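Written out below as structure tokens is the structure these notes cover.
The values are calculated or read from the model by the stated rules, or taken from the named source; none is laboratory data. From a predicted model like this one, the values you see are computed outputs, not experimental measurements. All Cβ positions, even for glycine, are placed from backbone atoms using ideal geometry, and neighbour counts span all protein chains on display. Remember, those area values only see protein heavy atoms, side chains included, never the ligands or the DNA or RNA. Shrake-Rupley method; radii C 1.70, N 1.55, O 1.52, S 1.80 Å.
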Amino acid sequence: MTVNIDVKGETADAPAPIQPAGPKDRSFSPVNVFSHTVLIGWSVLVVVPFVWSLIASLKSTGEIFGDSPWALPKKLLWGNFSKAWEKGVGDYLGNSIVVVVFGVLGTMLFGSMVAYVLARYEFPGNRFIYYLFAAGMMFPTFLAIVPLFFVVQNFGMISTYQGLILVYIAYSLPFTVFFMHAFFRTLPTSIAEAALVDGAGHATTFFRVMLPMAKPGLISVGIFNVLGQWNQFVLPSFLSPEKPVLSQGIATLLGSQRYENDWGTLFAALTIAMVPVVVVYLIFYRQVQAGLTGATLK
């Protein structure tokens with residue numbers, strides 16, 4: 001560091017060099033103001049109903065529809081959760097967990113395998129298969145529900161875990177393949193080639209080399225699949241009427257409120273349905289952000 005010597009013989013630091021003017025501060029640009037306004041409004045629309053449901057789950061029906069619906073409960077009615085559990089929410093929750101866990105695992109396994117082959121290997125029909133999966137995302141579920149019902153019925157899988165799991169996998173595959181295809185294309189080819197040169201087979205290269213590298217993308221699309229399958233209502237309503245999942249159970253409780261008038265129990269059931277998904281997202285939200293931005297950064 002250069003120093004200057006003043007007339008008294010003392011040393012002093014040299015003045016800092018003049019820095020060129022930086023770019024204009026754009027924090028208050030119209031685009032940023034508009035985007036932040038939209039995000040704040042969207043956050044309010046998401047958070048407010050969630051918080052209100054949590055508060056209402058600990059109230060009585062009179063307090064929920066009283067003069068101050070946003071007021072805190074005078075007495076915390078934890079019994080609403082036990083009532084909801086006794087009305088079958090525990091069984092609905094167990095069915096949802098079994099179906100979603102195996103459905104997501106199967107979706108991630110088969111979807112990542114298909115996406116890797118389509119992204120890394122050139123063969124006749126590659127593009128056709130890829131666009132076929134992409135078109136599957138635009139196909140409405142309602143158009144396939146009747147033929148799908150007869151297919152599942154012919155296999156004897158109506159109201160079974162196996163039937164619903166297979167349908168969930170087929171329902172989620174198009175988006176998974178589309179997402180993971182783009183992610184696998186961003187991974188360096190040299191690493192896979194080095195593994196093949198070292199004697200690793202195609203399966204070993206995929207499971208032990210490429211799949212661990214795609215972990216951010218797997219977690220991101222996995223969260224989306226968990227949300228989609230956990231909140232699914234149409235498919236289980238037609239294909240699993242005797243073994244309902246949580247969304248069907250909530251709808252049943254909602255229909256019974258016109259006679260029972262026990263809204264605190266209903267909101268307790270809604271809280272039981274919402275909390276697991278929120279917890280999963282809070283645990284993996286950093287990986288979700290990394291997966292969504294990883295392809296762009298690379």
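Using Rg and Dmax of the Cα atoms in Å as the read-out, say which of [x] 27.3, 101; [y] 22.4, 86; [z] 26.8, 105 was calculated from these coordinates.
Among [x] 27.3, 101; [y] 22.4, 86; [z] 26.8, 105, the one derived from this structure is [x].
Helix 263-297 versus the longest principal axis of the chain: what angle, 0 to 90°, nearest 10, using Cα atoms?
Long axis of 263-297 versus the principal axis of the chain: about 30 degrees.
For segment 58-158, which chymotrypsin sites (Phe, Trp or Tyr not before Pro) are both in a DSSP coil and crowded by at most 13 other Cβ atoms within 10 Å? Don't jump to the answer; show the numbers that get you there.
Working: sites: F65, W70, W78, F81, W85, Y92, F102, F110, Y116, Y121, F128, Y130, Y131, F133, F142, F149, F150, F155; in loops: F65, W70, W78, Y121, F155.
In loop regions of segment 58-158 (DSSP not H, G, I, E or B), the sparsely surrounded chymotrypsin sites (Phe, Trp or Tyr not before Pro) are F65, W70, W78, Y121, F155.
Of the peptides 172-181, 44-53, how do they stack up when ordered by the mean number of other Cβ atoms within 10 Å, highest first?
Details: 172-181: 22.2, 44-53: 11.7.
Listed from highest to lowest mean packing, they are 172-181, 44-53.
Let's test the formula: R0 of 22 Å, r as the Cβ-Cβ distance of V98 and V151. What FRET efficiency results, to the nearest 0.05? Present the calculation step by step, with values, prior to reporting the outcome.
On the way: r = 22 Å, r/R0 = 0.98.
Efficiency at R0 = 22 Å is approximately 0.55.
Would you mind finding the longest exposed-site-free stretch of the chain, with exposed GluC sites (Glu not before Pro) meaning DSSP loop and at most 11 other Cβ atoms within 10 Å?
Numbers: sites that count: E10, E122, E242.
Longest site-free region, per DSSP loop and neighbour criteria: 123-241.
Compute the accessible area per residue over the chain, keeping the other protein chains in place, probe 1.4 Å, unit Å².
Accessible area per residue, the chain: 62 Å².
Go ahead and set up a Gaussian network model of the chain, Cα springs under 10 Å, then flag whichever of L227, L39, L164 fluctuates most.
Taking springs between Cα atoms under 10 Å, the residue moving most is L39.
Please determine, in degrees from 0 to 90 and to the nearest 10, the orientation of helix 141-154 with respect to the longest principal axis defined by the Cα atoms of the chain, where the helix direction is its Cα long axis.
60 degrees
Can you give me the % of accessible surface on the chain that is carbon or sulfur? Probe 1.4 Å, all protein chains present, nothing else counted. Please report the intermediate quantities before stating the final value.
Values: 12850 of 18450 Å².
Roughly 70 percent, rounded to a whole number.
Read phi for every residue in segment 121-131 and hand back ³J(HN,Hα) as whole Hz from Karplus 6.51 cos²θ - 1.76 cosθ + 1.60, θ = phi - 60°, with x for Gly and Pro.
Listing the rounded values in order: 10, 9, 7, x, x, 4, 5, 5, 5, 4, 5 Hz.
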